[in-house]
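Reviewing the structure listed below.
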Amino acid sequence: MVQGIIDNKNRPIIDLVVANTDAQNVQDLNVLVDSGFTGDLKVSNKTANDLRLKITGVESVQIANGQLIDMTTALAYVLIENTLKAVDVLISEGSQALGIGNLNIILI
């Protein structure tokens with residue numbers, strides 16, 4: 001079972017392992033479980049650079065306030081509960097987040 005914490009803003013936070021597609025760069029990340037985020041994973045520019053993620057393009061994304069913004073995209077691997085999954089990554093400043101695209105890993 002995935003274990004996490006509730007932070008001081010009452011948000012669910014879990015640990016997961018993220019690797020670039022070559023599996024040469026790996027990091028343990030604390031990420032917000034965001035049920036309003038329909039993507040797989042969002043990381044900061046610093047994390048993307050540290051992992052040396054390969055950029056795959058730019059995607060127009062609607063954020064919580066309804067505004068559309070362009071975010072850089074990449075691919076990575078996520079390890080949760082001994083399950084390895086290829087995920088689409090959005091790269092942007094702000095909280096690192098695991099979206100509902102990956103909740104099936106947690107709930108299975």
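Compute the Kirkwood hydrodynamic radius of the chain, taking the inverse of the mean of 1/r over all pairs of distinct Cα atoms, and give it in Å to one decimal.
Answer for the chain: a Kirkwood hydrodynamic radius of 14.0 Å.
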Within a Gaussian network of the chain (alpha carbon springs, distance under 10 Å), most fluctuating of I80, I55, I63: I63
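Values quoted throughout were computed directly from the atomic coordinates according to the rules given, and no laboratory measurement underlies them. Model, not experiment: these values are computed from the prediction.
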